[in-house]
Structures are given as structure tokens and as C-alpha cells.
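One structure is given here, and the rest of the page talks about it.
The values are calculated or read from the model by the stated rules, or taken from the named source; none is laboratory data. These numbers were taken from a predicted model, which means no experiment stands behind them. We place every Cβ from the backbone using ideal geometry, glycine too, and count neighbours over all the protein chains shown. All accessible areas refer to the heavy atoms of the entire protein, side chains included, with ligands and DNA or RNA removed. Shrake-Rupley method; radii C 1.70, N 1.55, O 1.52, S 1.80 Å.
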Amino acid sequence: MKATFVMITSAGPNRDMTKGTREQPLWDEHAAFIDRLVAEGFIWMGGPLVDEGGSLLFFHAADENEVREKMKDDPWLRQGILKPESIKRWEIFIDERK
């Protein structure tokens, strides 16, 4: 059964903090990678932590290892634009969308 996981990333050593998210190197490759995982239903919400250069992503996954395995090919993680900080299983108690 799938659970909800949250991945928090921070700005990696190759993140240019003088530029916006879409101005970073490999933006198109990163966006295509994330869009594919959204289309598969694996990622269901996410976005940048604007003032910090990191991000927050929400997944439907069997376990933390599935998140790590799928995300290891993200061009931004591979190239140090983002740095993974933590992956946590999350149980939603409050959801205004429902």
C-alpha cells in the first residue's frame, strides 16, 4: 500500500542563489524529470522553497527507499543544484482540499 512521503531539499553547492528557479542550469531536464513523475502519479505536489533555494516534494510511495530510488536520477540532485536533506513518511490529518 502506498503512503505519503515528503522530501525536503536545500540549495546544493552548484545552486546559483542570484538566479531564480527557472534560470538554474539544467532547468528543462529537471522539469521534464519531475513532470514525468507527476504524470505517473508518484509526485502529487511540490515546489521551491523560494527564499532558501531548496524544495518540498510530496510523493505516493511504498517506502522511503522507493523515493530515494526514483529521485536519484533527478538532474538537479545529480549535479548538486539541490541537496537532499530528509525524506519523511507523513500522515495527513488536515486537508482543506477535501
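So how many residues does segment 49-66 have that are in a strand (DSSP E or B), open to solvent by 30 Å² or more (accessible area, probe 1.4 Å) and within 13 Å of Arg15 (Cβ to Cβ)?
Count: 1.
Test Gly46 against the stated conditions and say whether it is in contact with a strand residue (DSSP E or B) (Cβ under 6 Å, 6 or more places away or on another chain) and either open to solvent by 30 Å² or more (accessible area, probe 1.4 Å) or assigned to a loop (DSSP other than H, G, I, E, B) (or both).
yes
Going residue by residue through segment 67-78, is there one that turns out to be modelled with pLDDT of 95 or more and in a strand (DSSP E or B)?
No: segment 67-78 contains no residue that is modelled with pLDDT of 95 or more and in a strand (DSSP E or B).
Can you tell me which residue is farthest from Trp76 (Cα to Cα) among those in segment 23-43 that are assigned to a loop (DSSP other than H, G, I, E, B) and either in contact (Cβ under 8 Å) with a residue 40 or more places away in the chain or open to solvent by less than 60 Å² (accessible area, probe 1.4 Å) (or both)?
Going through the qualifying residues, I end up with Gly41.
Would you please name the residue that is least open to solvent (accessible area, probe 1.4 Å), looking only at residues in segment 70-92 that are over 15 Å from Asp16 (Cα atoms) and over 12 Å from the mean Cα position of the chain (by Cα)?
Ranking the candidates gives Ile92 first.
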